[in-house]
Amino acid sequence: MQETVINIEGLSKSFGANKVLDHFDLQLHRGENLVVLGKSGSGKSVLIKCIIGLIEPDHGKIQVLGKNVLNLNHVQLDQVRVKVAFLFQSNALYDSMTVRENLEFPLRRHSIQLSAGDADQMVREALQNVGLEHTIDMMPVDLSGGMRKRIALARTLILKPEIILYDEPTTGLDPITSQEISALINQIRDKYQTSALVISHDMRCVKTVAHRIAMLIDGKCYAVGSYEELAASTDSKIKPFFD
C-alpha cells in the first residue's frame, strides 16, 4: 500500500457566495507527481494555498506528512513548511537580491545555522540541479523568464523538501522552455524521490509530468486517473480538457 504524504478530506472554501472548493478530497502518495487539472478560476491555487496555510478553509481536514495543518500553531506550521516547498506561479524572487542571496533566504528564514562554506555548497548544488550554477552572482532582472523559473525551483530545493507544490510552473513560458521545466520536474522527482502536487492547465506539462491527474470541477475532485485513462473518457465535463 502506498504511503500518503498529503491527505485532504471534505475541504470547502467560499469567498462570499462563490463556493470555490466543495467537500474536495485528495491523496498525494509518496514519490508521485499528482497534477490537479481544472479551468482557470476553478480553485486550483486556492487549494494549494490551503495546503500550506496561506488560506484558511471553511471546513475539512488537511494532513501533511501526518500533521493536521489546520490545528498547528505558527511554529509547528513552519516546521512542516521546511519539508514542503512551494514554487510560486510568479516565481517570487527578490529583485534586490542576487541569485545567491535569493537561495540563501530560506536558510535564514528557517534559522538554519550553517558555515559560509556549507551554505555556499548548498546553493551551488541547488543551482547545479537546474543547470544554472554560472548565474550565482547575477541579479534576477538579468535572467530570462525560463531562467528565473529555474532559479525559483532551485530555491525550493535548497532545504531538500519531501514535497514540492508547483503552482502553474509553465505559465508565461514559451513551448520549448515549458517542456524543459516539465522535464526538470521529472528529473527532480527521480533524483530526490520528492512527492509533487502540480497545479496546471498546460496539457503538454500535464502529459509529461503526471503519474495521476485529479480533475477539479465544480469545486470537487470530479475524477482521478492517468492521462491515458482520462483522455479516453467520454464524460462531457472531462473530454474538453483532452480534445
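Read the figures in this text as sums done on the coordinates, not as results from a lab. Model, not experiment: these values are computed from the prediction. All Cβ positions, even for glycine, are placed from backbone atoms using ideal geometry, and neighbour counts span all protein chains on display.
I need the semi-axes of the equivalent ellipsoid of segment 21-159: take the C-alpha gyration tensor, multiply each eigenvalue by 5, square-root it, list largest first in whole angstrom. If you can, show how the numbers build up before the last one.
Values: eigenvalues 175, 70, 34 Å².
Taking √(5λ) for each Cα gyration eigenvalue gives 30, 19, 13 Å.
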What lysines sit close enough to residue 149 to cross-link, taking a C-alpha to C-alpha distance under 24 Å and skipping anything fewer than 8 places away on the same chain? 39, 44, 49, 83, 160, 191, 207
Mean projected area in nm² (Cα convex hull; one quarter of hull surface) for the chain: 13.8 nm²
Please work out the Kirkwood hydrodynamic radius for segment 118-234, using every pair of different C-alpha atoms, and report it in angstroms with one decimal place. 15.4 Å
Any idea what the dipole of segment 137-243 comes to, in debye rounded to 20, about its Cα centre with Lys/Arg Cβ at +1 and Asp/Glu Cβ at -1? 200 debye
What ranking do 148, 30 get, fewest neighbouring Cβ atoms within 10 angstrom at the top? 30, 148
Assigning unit charges at the beta carbon (Lys, Arg +1; Asp, Glu -1) and nothing else, what dipole magnitude in debye, to the nearest 20, does the chain show about its Cα centre? 300 debye
Taking the alpha-carbon distance from residue 239 and a cut-off under 20 Å, which aspartates and glutamates remain once sequence neighbours fewer than 8 residues away in the same chain are dropped? 202, 218, 228, 229
Which order results if 147, 203 are arranged by neighbouring Cβ count within 10 Å, fewest first? 203, 147
Could you tell me the distance between the Cα centroids of segment 45-71 and segment 179-243, to the nearest Å? 21 Å
Taking only Cα atoms, what is the 0 to 90° angle, nearest 10, from helix 99-109's long axis to the longest principal axis of the chain? 70 degrees
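Treating only the Cβ of Lys, Arg, Asp and Glu as charged (+1, +1, -1, -1), what charge dipole size does segment 1-102 show about its Cα centre? Round to the nearest 20 debye.
Here the size comes out at about 60 debye.
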From the square roots a ≥ b ≥ c of the eigenvalues of the alpha-carbon gyration tensor of segment 60-117, which class results: rounded (a/c under 1.5), prolate (a/b over b/c), or oblate? oblate
Output ³J(HN,Hα) for segment 24-37: one whole-Hz value per residue in order, computed from phi by the Karplus curve 6.51 cos²θ - 1.76 cosθ + 1.60 with θ = phi - 60°, and x for Gly and Pro. 7, 10, 6, 10, 9, 8, 4, x, 10, 9, 10, 9, 9, 10
